[in-house]
Amino acid sequence: MKPWVASHRETRDHLSEYVEGELDDRTRTRIMRHLARCDRCRAMLESFLRTLEQLRSLGDMEQVTPAPATANAVLRRIQQDEP
Ligand SMILES: [Zn+2]
C-alpha cells in the first residue's frame, strides 16, 4: 500500500499531470497533501503555472496551443534550476 502522502520525488514527477488534471483522484490527493506541507514543491508548482500561463498567452496571440511536450520541457527546466 502506498503512503498517504506523495514523496518529494513523486510530486515532481507528476507535477505536469497534476496541473493538467490527468491524475486519478487518489494520486492527486496524495500530491495535494505533499504540496500542503512542502514549500519547495509549492514554489515549483507556482513557477510552473506562471510559465505555462505565459506560454498560453503567447499561444493565444499566435493561435497556437502549447503541446503537452512543451509543458514537460518547461517542467524539466524548472527542475534543473533547483539547487
Ligand atoms: Zn516536496
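The values are calculated or read from the model by the stated rules, or taken from the named source; none is laboratory data. For clarity, every value in this text was computed on a predicted model and none was experimentally measured. Quick reminder, even Gly has a Cβ in these numbers, built from the backbone with ideal geometry, and neighbours come from all protein chains shown.
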Number of the condition not met by Cys38 [criteria: (1) within 16 Å of the ligand (Cβ to nearest atom); (2) at pLDDT below 95]: (2)
Quick one: which helices (runs of 4 or more DSSP H) lie wholly within segment 1-53 and hold at least 3 residues that are closer than 22 Å to Asp81 by Cα, within 11 Å of the chain's Cα centre (by Cα) and not aromatic (Phe, Trp, Tyr)? 8-13, 15-20
Of the residues in segment 1-31 that are within 12 Å of the ligand (Cβ to nearest atom) and hydrophobic (A, V, I, L, M, F, W, C), the one that is farthest from Arg76 (Cα to Cα) is Val5
Pairs, first within 16 Å of the ligand (Cβ to nearest atom) in segment 42-55, second of a type in the set (D, E, K, R), C-beta under 8 Å, six or more apart: Met44/Arg12; Met44/Glu82
